[in-house]
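Here is the structure we will look at, set down as structure tokens.
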Amino acid sequence: MASPLNNGRKASEIFQGQALLYKHLLGFIDSKCLKWMVELDIPDIIHSHSHGQPITFSELVSILQVPPTKTRQVQSLMRYLAHNGFFEIVRIHDNIEAYALTAASELLVKSSELSLAPMVEYFLEPNCQGAWNQLKRWVHEEDLTVFGVSLGTPFWDFINKDPAYNKSFNEAMACDSQMLNLAFRDCNWVFEGLESIVDVGGGTGITAKIICEAFPKLKCMVLERPNVVENLSGSNNLTFVGGDMFKCIPKADAVLLKLVLHNWNDNDCMKILENCKEAISGESKTGKVVVIDTVINENKDERQVTELKLLMDVHMACIINGKERKEEDWKKLFMEAGFQSYKISPFTGYLSLIEIYP
Ligand SMILES: C[S@@+](CC[C@H](N)C(=O)[O-])C[C@H]1O[C@@H](n2cnc3c(N)ncnc32)[C@H](O)[C@@H]1O
């Protein structure tokens, strides 16, 4: 019988609620499982096993030298990861089960050009993880981010002072940018007709290198925090400049901002965009700003993509006071920064490409 405490809901509905609650309570184990498989090199082991052939569980535990007391537990982890799409369980000779890589776990092969393993290392790093225990304190600290509450210093100050953290962050960003090789193949039109471009907050220059290779005549400059680019050397058409996008952005036909604006609140984004507008306003021609970022669209996106964008929004909001935006949020920002028009194009699974014109 329904009690007044559960609003007259059916028992089945309450049990569904309980299952949802427990799933999310235990959800923190999801990312730990990813860390576990990356640390044990399981994707690399499967990748190099008999030219990418599926690996049986006994072969895997033998390579990993798992003691007999732990094989059942390892099987639990593998089954859970397979259930969530990180391995495919296939039947090989004599109907034995074997594990094959999926599109997701192939991205965790460290030796692969498109490896996202550094992303796993960065997100599972103790400073990142520990900060989330401070959500309760954070909500009453008017001007502090979760990171600020947890480490006593704002994110960018911390990263500037901690070389190991800086390196881990830059490597994570670089591997995300490496994925753009796939996306730019269909988007070369974005750079056609341009003579120069500045990749603002362009990290260690992976995106810029991809653009430079595709467009050898295009001059590309990366503007970054000085300690990100101090030891980097460019090439024929690539240069690195240490600076501050809030102060000045070098002149160019176009400015690229990949995953930069989502780090900042609307006021900071306005300042960055105004500096971008100044940078692309030459004497003879006016260029464009190219923003690569998320656009939340719950009506259009698949549920899984929306979940990722909303989770990223929570991450940005709490860690760094940033924000993932809907189209109307972007439009408001662009117009208030003095731009006249914009065009949004699909780019990767979760990122859109937005061209903004003065
Ligand atoms: C989320 S990362 C994106 C990096 C790169 N665009 C990518 O997608 O791989 C944001 C970048 O902005 C840079 N950044 C932060 N503050 C900056 C500033 N004031 N001037 C220039 N770059 C800055 C950071 O160092 C970092 O590399």
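Loop-located GluC sites (Glu not before Pro) across segment 106-141 with a Cβ neighbour count of 14 or fewer within 10 Å are 113, 141, with loop assigned by DSSP. Report the GluC sites (Glu not before Pro) located in segment 290-358 that are in a DSSP loop and have at most 10 other Cβ atoms inside 10 Å of their Cβ, or state none. Hits after loop and neighbour filter: 302. For residue 232 and residue 20, the difference between the fully extended length at 0.36 nm per residue and the C-alpha to C-alpha distance is 71.6 nm. Each part gets one Cα centre, and for segment 82-110 versus segment 227-282 those centres are 42 Å apart. Helical content alone sets the calculated 222 nm signal of the chain at -13500 deg cm²/dmol, taking -39,500 (n - 2.57) per DSSP H segment of four or more residues and averaging over every residue. If one computes the Cα centroid of segment 2-43 and of segment 167-189, what distance in Å separates the two points? Result: 33 Å between the Cα centres. For the chain, the antiparallel share of DSSP beta bridges with both residues in that region comes to about 50%.
Between 74, 291, 241, the GNM of the chain built on Cα springs shorter than 10 angstrom shows 74 fluctuating the most. What fraction of the DSSP beta bridges in segment 187-319 is antiparallel, stated in percent and rounded to the nearest 5? Approximately 10 percent, going by the DSSP bridge assignments. A simple charge model with +1 on the Cβ of Lys and Arg, -1 on the Cβ of Asp and Glu and nothing else charged puts the dipole of segment 11-107 at about 320 debye relative to its Cα centre.
Of 94, 157, 313, 293, the sequence from fewest to most neighbouring Cβ atoms within 10 angstrom is 94, 157, 313, 293. Residues 93, 49, 262, arranged from fewest to most other Cβ atoms within 10 angstrom of their Cβ, appear as 93, 49, 262. Could you pull out the trypsin sites (Lys or Arg not before Pro) across segment 255-327 that fall in loop regions by DSSP (anything but H, G, I, E, B) with no more than 12 other Cβ atoms inside 10 Å? Hits after loop and neighbour filter: 285, 300.
Placing +1 on the Cβ of every Lys and Arg and -1 on the Cβ of every Asp and Glu, with no other charges, gives segment 305-358 a dipole of roughly 60 debye about its Cα centre. Normalised radius of gyration (Cα atoms, divided by 2.2 N^0.38 Å) for the chain: 1.13. Around the Cα centre of the chain, unit charges on the Cβ atoms of Lys, Arg, Asp and Glu (plus for the first two, minus for the last two) sum to a dipole of about 520 debye. Starting from the Cα gyration tensor of segment 102-166, take the square roots of the eigenvalues, sort them a ≥ b ≥ c, and report rounded, prolate or oblate (rounded when a/c is under 1.5, otherwise prolate if a/b is larger than b/c, else oblate). Here segment 102-166 falls in the prolate category.
Count Lys and Arg as plus one, Asp and Glu as minus one, and take only other residues whose Cβ is under 13 Å from that of residue 191; the net charge is then -3.
Laboratory data are not the source of any read-out in this text; all were calculated from the coordinates shown. Keep in mind that this is a model prediction, so the values were computed, not measured. Neighbour counts run over all protein chains shown; Cβ positions are idealised from the backbone, glycine included.
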